[in-house]
Amino acid sequence: MTRLLAGIDLGTNTVRVLVAAADPATGLVPLWADQAVTRLGEGLAARGTLATHAVERTLAAVRRYRDRARALGAREVLLVATAAARQARDRSAFLARLQAESDIHPRVVSGEEEAELTLLGASWGLGAAGGTFALLDIGGGSTEFVVAEAGRTLAAVSLRLGVVQLVERFFRSDPVQPSELAACRAYVDARFREEAWSRIGALRPARLVATAGTPATLAVLDLGLPTYEPARVHGHQLTADAIARLTADLARMPVAERARLPGLEPGRADVIVPGAVVLAAALAGLGLSEITVSDAGLREGILLAAVGWLPESARQDE
């Protein structure tokens, strides 16, 4: 049975919402989507708790999205919180306030479940993928890898490695200094070697799909779009050479200049460089030369899981 639902992905850097008709057989018919950079995880790595102003920004976005979703007729609003809520020492107080002020029951998912839901959303968005492929989700507070084949997960890894943490740790200069960029690259490479490649690289995925703000923003810049166009970004092939070129260009610009670039989402100018570093490291580590960008990810997966949708290949195996 088709249900009109809203899904909210409450991330460390961004809050994303999707209102869609969800059906267990056919998937989603999106009605409205939006996102806002609220940076819930600002300063979290150093402090261990959520900053008051970051909480206020995030709660305001959730209330706004709840109101819009209900106005559109959504029967349920499903909210999934990820890395910042997992990591914060004061998460219980934050979640209690979130529920009290929004009348939404938040669910904090593990990194592994976040990866599975993101895979579900990307699988719906991109359709069948031949052979073994990897999915990369670069978030504000964590990065998830999944390797799948024929709708079945072979391995999933969640690293406590996000763009907000990286920008706060490595990028103190404006514009970025070459030494800062090199230090960030070395750190990301080391984390992948220690925590990901023994499980992900060993499966030798033939294709890398990437979702979330970093690959989408780089696709916008690579395509030269004046604004974000989901239909053109979704499925775009972003090469390693293009990522290297864009990273070098962006690193040379002050943050204020990056923020004026057409198509760059407000609030993403400072985190796009570390995000590009993570993306390049993933490609290099897997020995691949390009990624496929997916506009669909966690928020789609939230709704698909709620109605029990599965990729066709997985349904055939049942």
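A few comments on the model shown:
- Selection status of L166, open to solvent by less than 60 Å² (accessible area, probe 1.4 Å), assigned to a strand (DSSP E or B) and either at pLDDT 95 or above or of a type in the set (G, A, S) (or both): no
- Residues that are of a type in the set (V, I, T) and more than 11 Å from L4 (Cα to Cα) within segment 14-39 comprise T14, V15, V17, T26, V37, T38, listed in sequence order.
- Single residue of segment 31-44 satisfying the filter (touching a strand residue (DSSP E or B) at 6+ places or on another chain (Cβ under 7 Å) and outside any loop (DSSP other than H, G, I, E, B)) that is most open to solvent (accessible area, probe 1.4 Å): L31
- Residue match in segment 45-63 (condition: buried (at least 22 other Cβ atoms within 10 Å of the Cβ) and in a loop (DSSP other than H, G, I, E, B)): yes
- V255 surrounded by 15 or more Cβ atoms within 10 Å (Cβ to Cβ), touching a strand residue (DSSP E or B) at 6+ places or on another chain (Cβ under 7 Å), at pLDDT 95 or above and closer than 18 Å to N13 by Cα: no
- Counted residues, segment 197-221 - those being of a type outside the set (A, V, I, L, M) and under 23 Å from L10 (Cβ atoms): 5
- In segment 143-163, residue least open to solvent (accessible area, probe 1.4 Å) [restricted to those that are part of a loop (DSSP other than H, G, I, E, B) and of a type in the set (A, V, I, L, M, F, W, C)]: L161
- Considering residues of segment 263-288 that are in contact with a Leu (Cβ under 7 Å, 6 or more places away or on another chain) and not hydrophobic (A, V, I, L, M, F, W, C) only, the residue least open to solvent (accessible area, probe 1.4 Å): P274
- Scanning segment 292-305 for residues that are under 22 Å from V108 (Cα atoms) and open to solvent by 40 Å² or more (accessible area, probe 1.4 Å) yields one hit, A305.
- Any hit, segment 138-154, residues being among the acidic types (D, E) and closer than 19 Å to G27 by Cα: no
- R75 vs. criteria modelled with pLDDT under 95 and either touching an Asp or Glu at 6+ places or on another chain (Cβ under 8 Å) or more than 30 Å from V293 (Cα to Cα) (or both): yes
- Matching residues, segment 99-142, being assigned to a helix (DSSP H, G or I), surrounded by 23 or more Cβ atoms within 10 Å (Cβ to Cβ) and among the aliphatic types (A, V, I, L, M): A115, L117, L119, L120, A122
- Contacts under 9 angstrom Cβ, first residue in segment 264-275 being on the phi > 0 side of the Ramachandran plot, partner open to solvent by less than 10 Å² (accessible area, probe 1.4 Å), 6 or more apart: G267/N13; G267/T14; G267/T38
- In the set (1) under 23 Å from V108 (Cβ atoms); (2) of a type outside the set (S, T, Y); (3) buried (at least 19 other Cβ atoms within 10 Å of the Cβ); (4) in contact with a strand residue (DSSP E or B) (Cβ under 6 Å, 6 or more places away or on another chain), P205 fails one condition alone, (1).
Quick grid of which residues meet (1) charged (D, E, K, R); (2) over 30 Å from R152 (Cα atoms):
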| site | (1), (2) |
| --- | --- |
| L223 | no, yes |
| I243 | no, no |
| P254 | no, yes |
| V278 | no, no |
| A282 | no, no |
| G287 | no, no |
| R299 | yes, no |
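- Restricted to segment 71-91, and to residues there that are closer than 10 Å to L50 by Cα and not in a helix (DSSP H, G or I), the residue that is least open to solvent (accessible area, probe 1.4 Å) is A88.
- Within segment 281-296, the set of residues being over 19 Å from A206 (Cβ atoms) and at pLDDT 95 or above is empty.
The values are calculated or read from the model by the stated rules, or taken from the named source; none is laboratory data. Computed from a prediction, not measured in an experiment: that's the story for all the values here. Ideal geometry is used to build each Cβ from the backbone, glycine not excepted, and the neighbour counts take in all protein chains shown. With ligands, DNA and RNA removed, areas are computed over all heavy atoms of the protein, side chains included. Shrake-Rupley method; radii C 1.70, N 1.55, O 1.52, S 1.80 Å.
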